[in-house]
Amino acid sequence: MKAKRQAKIMEIISTTNVETQEQLLQELQEAGFSCTQATISRDIKELKIVKEMTNFGTYRYSATEKDLGNPFSDRLNTIFRECITSFDYAQNIVVIHTLPGLANAAASALDAMKAEYILGTLAGDDTVVAILRDANSAAVFCGEIKALIS
């Protein structure tokens with residue numbers, strides 16, 4: 001189902017000027033897919049879809065060229081998923097607790113994401129502090145972590 005949904009997302013953004021996740025959700029629902037905005041957000045990240053400016057000064061979703069990226073990113077994502085023991089946020093700061101000795105791997109996985117809303121990470125032995133752009137980004141990011149490790 002995920003592969004079909006993601007293929008439909010690529011089809012929709014290549015044929016329609018989609019400006020928001022809500023608009024994309026509506027297009028998917030009209031095509032018979034049942035999903036949530038959080039699912040679409042994850043799909044957008046996995047498909048490396050970005051917003052680009054149109055000739056009319058508005059923004060639309062567009063597929064980026066896929067790069068080979070970091071060959072260790074899949075391993076880092078697995079480590080990240082497996083090593084988290086707890087997490088929470090306050091304002092724009094997310095604190096992630098890991099198993100002992102794995103905070104650096106978790107921070108490295110976060111850095112490899114190259115998400116524009118993560119300004120930077122600091123890692124100790126079992127704690128990662130991630131500084132996000134704003135409080136809303138921190139809340140959304142914690143939701144993504146919860147979905148990832150569930």
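The numbers here are math on the coordinates, done by the rules we state, and not lab data. Quick caveat, the model's predicted, so the values are computed rather than measured. Counting neighbours? That spans all protein chains shown, and the Cβs are built from the backbone with ideal geometry, glycine included.
For segment 126-150, residues that are closer than 13 Å to residue 80 by Cβ and among the β-branched types (Val, Ile, Thr) total 3.
Taking first residues from segment 4-22 that are surrounded by 13 or more Cβ atoms within 10 Å (Cβ to Cβ) and partners that are small (Gly, Ala, Ser), the Cβ contacts under 7 Å between residues at least 6 apart in sequence or on separate chains come to 8/31; 10/63; 13/62; 13/63; 21/41.
Check segment 37-47 and report whether any residue there is exposed (fewer than 13 other Cβ atoms within 10 Å of the Cβ), aliphatic (A, V, I, L, M) and out of contact with any Ser or Thr (no Cβ under 6 Å at 6 or more places or on another chain).
No: segment 37-47 contains no residue that is exposed (fewer than 13 other Cβ atoms within 10 Å of the Cβ), aliphatic (A, V, I, L, M) and out of contact with any Ser or Thr (no Cβ under 6 Å at 6 or more places or on another chain).
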